[in-house]
1. Output the number of the condition that LEU136 fails; it satisfies all remaining conditions of (1) outside any strand (DSSP E or B); (2) without any contact (Cβ under 8 Å) to a residue 24 or more places away in the chain; (3) under 26 Å from THR219 (Cα atoms).
2. Kindly state which strands (runs of 3 or more DSSP E) lie completely within the range 156-253 and contain at least 3 residues that are acidic (Asp, Glu), touching a His at 6+ places or on another chain (Cβ under 8 Å) and modelled with pLDDT of 85 or more.
3. Taking the criterion of being modelled with pLDDT of 85 or more and touching a Leu at 6+ places or on another chain (Cβ under 7 Å), would at least one residue in the range 127-146 satisfy it?
4. Looking only at the range 176-193, count how many residues are over 17 Å from MET131 (Cα atoms) and of a type in the set (Val, Ile, Thr).
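The values are calculated or read from the model by the stated rules, or taken from the named source; none is laboratory data. Please read all numbers here as calculations on a predicted model, not as lab measurements. Cβ coordinates were reconstructed from backbone atoms using ideal geometry, including for glycine residues, and neighbour counts include every protein chain displayed.
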Amino acid sequence: MKMWMRPFAFTAGLALGAAACEDGATDPNVIEDDALLADMALVAADGMFQDLAHMVSPSTWAGLGLAPEAAGIEIQGSRTFSRTVTFFDDENNEQARYHPEETVRMHVVSDLTRVVTHSFWSADIVRHRDMDVTGLAGLETERTWNGTSTGNVQKSRHPEDGTVRNYTMTSSAIITNVVRGVPRADNPYPKSGTITRTIHAVRTVDGVEEVRDVVATITFDGDNTAIITVDGESWEINLDDRGVRKNFGRNNG
């Protein structure tokens, strides 16, 4: 069956959709594994959406007039968000502020914590990013983003009648040559590049721990979808509505 799920700005409901399949006749061990893979895929997808949210113009980052450092900025759905932004000229000298004609590179370091709580699940999210953007010199047509990201997601599902599941996922990501066109209004989607996340997941069900390590690779090609591959399973990410779709059938069965 096909399912649409929403990533972790909304994420802690992630595995709920996949876990709902447990009422069917499919092998529950297979469904449990699919649910965990789906959860890990959506944690990676949510991290990607946050990565892309950071890939805005240098004038936006400098818009508060506090460059190169601004702290305590709140964003929707977060508890805290802090950032340090540094601009550089063509001789790699640090600048006191962004200059549209003289800035050629920007370095962004950010930290996010977020808490989500609903009736039957809760989640705590911590992310750190260190990203560099080039292509700012002259008449810009595109900017290229590279960097790293680390994250920690703790999630707990508490069904009214059922098994309690707790998840802890730690991740590290490499952002490689993600190209964004300029102006953004005419180029809403990344033209190319990848974001690769290594995820370590620990799931605890009735006191029994399962450990899983996977690599999630997201590839962009310029349109409104991206493909995420986790442990040989592929999902399609709709970059317009933050949906992630996968056919849960195995081997077309």
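1. Every condition holds for LEU136 apart from (2).
2. Correct list: empty, since no element meets the threshold.
3. Looking through the range 127-146, at least one residue is modelled with pLDDT of 85 or more and touching a Leu at 6+ places or on another chain (Cβ under 7 Å).
4. Here the count works out to 1.
Conditions (1) free of Cβ contacts under 8 Å to residues at least 40 places away in the same chain; (2) under 20 Å from PRO58 (Cβ atoms); (3) of a type in the set (Phe, Trp, Tyr), marked per residue:
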| residue | (1), (2), (3) |
| --- | --- |
| ARG157 | no, no, no |
| ARG184 | no, yes, no |
| THR198 | yes, no, no |
| VAL211 | yes, no, no |
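Every residue, every condition in (1) surrounded by 14 or more Cβ atoms within 10 Å (Cβ to Cβ); (2) in contact with a Cys (Cβ under 8 Å, 6 or more places away or on another chain); (3) not basic (Lys, Arg), yes or no:
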residue	(1), (2), (3)
VAL178	yes, no, yes
ARG184	yes, no, no
ASP213	no, no, yes
THR217	yes, no, yes
ILE228	yes, no, yes
